[in-house]
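Peer 1: A single structure is presented below for examination.
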Amino acid sequence: MALDPDTRQQLIETVRRFVTEVCQPLEAQVAAEDRIPDEVVEQMKALGLFGLSIPEEFGGLGLTLEEEALVILEMGRTSPAFRSTFGTNVGIGSQGLVMFGNADQKRDWLPKIASGEVVTSFALTEPEAGSDAGSARTKAVRDGNHYVLNGAKRFITNADKAHLFTVMARTDAATPGPKGLSAFVVERSTPGVTIGKPEKKMGQQGANVCDVIFEDARVPITNRLGEEGEGFKVAMSVLDRGRFHISALSVGISERLVSEMTRYASERKQFGKPIAEHQLVMAMMADSYAEAAAGRAMVLDGVRKYDAKEKVTLLAAATKMWCTEMVGRVADRAVQVFGGSGYIADYAVERFYRDVRILRLYEGTTQIQQMVVGRELQRMAKAGEI
Ligand code: CAA
């Protein structure tokens with residue numbers, strides 16, 4: 001249920017204060033130490049950030065996707081590693097349970113996810129199954145009241161901190177594509193589950209990705225989400241929603257970068273006046289502002305349709321495609337406006353330039369979003385809907 005306008009505004013202002021007073025001053029430290037300080041994680045828990053999307057009956061804030069997007073737009077104004085700390089609990093790590101979990105599974109897990117006591121993670125990608133997620137090879141073989149999992153997942157966000165994984169694994173060896181997959185919640189403490197070392201990455205220091213390995217990991221059948229064979233549907237439904245979340249993040253970062261470039265251009269003088277008064281610099285500021293504003297409008301339109309229960313696969317893919325490419329262009333212009341200084345690590349734009357690169361890759365590359373959009377348009381044409 002949607003919040004009343006006053007409560008919604010209070011929530012947004014609280015998050016904005018948290019971002020400006022707590023997160024922004026720590027950006028350089030988080031990048032240097034590659035970790036979010038424990039006391040900041042505790043503050044996130046106290047603010048309810050881990051439970052934004054978990055229904056109120058399970059201890060979360062039960063926000064609509066529009067409200068969640070408004071919070072994530074605010075979180076975009078700081079290093080994305082802060083958002084990532086609770087992002088998997090809000091999105092891809094928990095939503096399989098929220099959408100497909102049965103009453104027992106929800107009762108057992110969602111309250112701890114909402115409080116942040118349990119950190120969740122989404123394990124779909126494998127070394128040989130990236131964009132072609134339906135070809136995942138991790139096996140889940142039924143043995144009495146358990147499934148025995150064997151296989152390897154790759155680039156799993158927050159795996160180092162996670163207590164619970166939503167895992168897509170093949171229950172039907174005879175069916176090679178998406179239809180042979182099922183979804184499970186798997187506890188990290190399960191014997192046979194090991195987590196690899198955090199990868200060294202281009203950006204987003206403070207948010208880790210690791211391999212997750214399953215070697216004869218016995219998972220109770222009661223941990224399966226939905227029916228056997230529904231795993232791909234679980235993953236895609238979670239990703240449709242997640243793609244709006246990543247789009248909101250992209251727009252929030254774009255807005256931060258517009259502020260950064262505008263402030264810098266207003267102070268930096270060349271040829272006897274602030275560079276903001278040179279028309280070619282103005283053009284970069286104007287294009288960035290307009291594109292960020294267009295992204296905001298696109299996100300808000302999409303999440304409202306999601307909340308109204310419209311089918312949004314097409315719009316989610318189109319929005320992620322546009323907003324993540326857009327923030328790449330804005331980050332590039334921000335570096336350009338800063339000139340040589342933009343290439344120096346003392347300035348936030350250098351870090352954001354690297355941080356935003358992953359947005360065009362994870363939760364489906366731009367090319368996968370284009371493919372989804374192209375396919376959906378063809379489907380609509382066949383159905384006479386377009
Ligand atoms: N919602 C519900 N069901 C869906 C769906 C959706 N959005 N998309 C597809 N399905 C269903 C289809 O209806 C179909 O079922 P039926 O045959 O019964 O109709 C079934 O799933 C298979 O669909 P496709 O034939 O379209 O499958 P495909 O193999 O051609 O692949 C794809 C589709 C869009 C390319 C998909 O594989 C995809 O999105 N790939 C990208 C993967 C991805 O985003 N990975 C990100 C990993 S997560 C991550 O990055 C997390 C992290 O840690 C940060």
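Peer 1: Show that you can apply the helix-only estimate: for the chain, add -39,500 (n - 2.57) for every DSSP H stretch of four or more residues, divide by all residues, and state [θ] at 222 nm to the nearest 500.
Peer 2: -16000 deg cm²/dmol
Peer 1: Hey, another quick one. Quick one: order THR222, THR171 by neighbouring beta-carbon count within 10 Å, fewest to most.
Peer 2: By the 10 Å Cβ count, ascending, the order reads THR222, THR171.
Peer 1: Then there is this: Going by how many other Cβ atoms sit within 10 Å of their own, how do ARG360, ARG224 line up, fewest first?
Peer 2: Ordered by Cβ neighbours within 10 Å, fewest first: ARG360, ARG224.
Peer 1: Could I ask something else about it? Please give the net charge around GLU39, taking every other residue with its beta carbon less than 14 angstrom from that of GLU39, where Lys and Arg add +1 and Asp and Glu add -1.
Peer 2: Net charge in that neighbourhood comes out at -2.
Peer 1: Would you pull out the residues with amide H under 5 Å of THR125's amide H, same chain only if 5 or more places away, H placed 1.01 Å from N?
Peer 2: ARG154
Peer 1: Additional query: Post the alpha-carbon centroid distance, segment 3-29 to segment 173-196, in whole angstrom.
Peer 2: 37 Å
Peer 1: Relative contact order of the chain: what whole-number percent is it, with Cα pairs under 8 angstrom and at least 6 residues apart?
Peer 2: After rounding, I find 15 percent.
Peer 1: Suppose every Lys and Arg Cβ carries +1 and every Asp and Glu Cβ carries -1, with no other charges. What dipole size does segment 120-228 come out with about its Cα centre, to the nearest 20 debye?
Peer 2: Around 200 debye, computed over segment 120-228.
Peer 1: Given H placed 1.01 Å from N in the peptide plane, which residues other than close sequence neighbours of ILE54 have an amide H under 5 Å from its amide H?
Peer 2: Placed amide hydrogens put LEU61, GLY62, LEU63 under 5 Å from ILE54.
Peer 1: Hey, another quick one. Enumerate the calculated ³J(HN,Hα) couplings along segment 173-178 in order (Karplus 6.51 cos²θ - 1.76 cosθ + 1.60, θ = phi - 60°), each rounded to whole Hz, writing x wherever the residue is Gly or Pro.
Peer 2: For segment 173-178, the Karplus-derived couplings read 5, 7, 10, x, x, x Hz, x marking Gly and Pro.
Peer 1: Calculate the dipole size of segment 287-350 relative to its Cα centre from +1 charges on Lys and Arg beta carbons and -1 charges on Asp and Glu beta carbons; express the result in debye to the nearest 20.
Peer 2: 400 debye
Peer 1: Ok, one more. Treating only the Cβ of Lys, Arg, Asp and Glu as charged (+1, +1, -1, -1), what charge dipole size does segment 1-117 show about its Cα centre? Round to the nearest 20 debye.
Peer 2: In total the dipole reaches around 160 debye.
Peer 1: Please give the net charge around LYS197, taking every other residue with its beta carbon less than 15 angstrom from that of LYS197, where Lys and Arg add +1 and Asp and Glu add -1.
Peer 2: Neighbourhood net charge equals +2.
Peer 1: At 7 Å along the Cα-to-beta-carbon direction for both ASN145 and GLU187, put a label point, then send me their distance in nm to one decimal.
Peer 2: Between ASN145 and GLU187, the simple spin-label model gives 1.4 nm.
Peer 1: Any idea how far the Cα center of segment 82-161 sits from the one of segment 315-373, in Å?
Peer 2: 26 Å
Peer 1: With the cut-off at 22 Å, tell me which of the pairs LYS153/LYS233; LYS112/LYS201; LYS106/LYS233; LYS179/LYS200; LYS45/LYS197; LYS153/LYS309 have Cα atoms farther apart than that.
Peer 2: Table pairs above 22 Å Cα-Cα are LYS112/LYS201; LYS179/LYS200; LYS45/LYS197; LYS153/LYS309.
Peer 1: List every DSSP H helix in the chain whose Cα atoms extend 30 Å or more along the helix's own long axis and whose mean Kyte-Doolittle hydropathy is at least 0.5.
Peer 2: Once both thresholds are applied, what remains is 313-338.
Every number in this text was worked out from the coordinates using simple rules, so none of it is lab data. Values in this document were obtained by computation on a predicted structure and should not be read as measured data. Please note: Cβ atoms are built from the backbone with ideal geometry, for glycine as well, and neighbour counts cover all protein chains shown.
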